[in-house]
């Protein structure tokens, strides 16, 4: 009788040790998978959610996440839309636990330059928010290079005409905190 209890105890200890080993392996795999998640993956899982995004320019934008590119996100806000480069994101509030991995080839190709070229093509009135300052430039994006944009500063509501441009600024992508539409 005692032998039976002893063997049952040993079997229970071995089963518990096996379960602990399995649990540790699962936890290790979860940590590895989480370590491979990019910020873009995290944002793609938040499409349709209301987020607050704080930027390196000191600004904070609240809105529904509507688009995610390979290097940027777009929030639909009360006055319009705001595009924020990932490099300018300093804080995000309102994330769910969702993650959506691997973007399509098309999404991977939608870098910051692609999004800015669309705004330039449409001659959209925008406000460019500059990193690490309260500087904002209102105007029309004239051209977009590989790593910079040029914006013609015009008064809100004014069309981009030579006589209405007060200055033209070149802004490196690394200097962009956000670009908002009016």
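The values are calculated or read from the model by the stated rules, or taken from the named source; none is laboratory data. The structure displayed is predicted, hence computed values, not measured ones. Using ideal geometry, Cβ is built from the backbone for each residue, glycine included, and neighbour counts are taken over all protein chains shown.
For the range 53-80, a tally of residues being assigned to a loop (DSSP other than H, G, I, E, B) and within 16 Å of residue 40 (Cα to Cα) returns 3. Name every residue in the range 151-182 that is surrounded by fewer than 16 Cβ atoms within 10 Å (Cβ to Cβ) and assigned to a strand (DSSP E or B), in order of residue number. Correct list: 167, 168, 170, 172. Does residue 130 satisfy the condition of being under 18 Å from the mean Cα position of the chain (by Cα), in contact (Cβ under 8 Å) with a residue 24 or more places away in the chain, crowded, with 17+ Cβ neighbours inside 10 Å and assigned by TED's automatic domain parsing to the domain that holds residue 70? Taking the combined requirement at face value, the residue satisfies it. Note on the range 138-150: among residues that are assigned to a strand (DSSP E or B) and within 22 Å of the chain's Cα centre (by Cα), the one that is surrounded by the fewest Cβ atoms within 10 Å (Cβ to Cβ) is 148.
Looking only at the range 42-58, residues that are at pLDDT below 90 and either buried (at least 16 other Cβ atoms within 10 Å of the Cβ) or within 8 Å of the chain's Cα centre (by Cα) (or both) come to 1 in all.
Let's see how each residue does on (1) in contact (Cβ under 8 Å) with a residue 24 or more places away in the chain; (2) more than 24 Å from residue 182 (Cβ to Cβ); (3) surrounded by 15 or more Cβ atoms within 10 Å (Cβ to Cβ); (4) touching a strand residue (DSSP E or B) at 6+ places or on another chain (Cβ under 6 Å):
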| position | (1), (2), (3), (4) |
| --- | --- |
| 64 | no, no, yes, yes |
| 72 | yes, no, yes, yes |
| 83 | yes, no, yes, yes |
| 94 | yes, yes, no, yes |
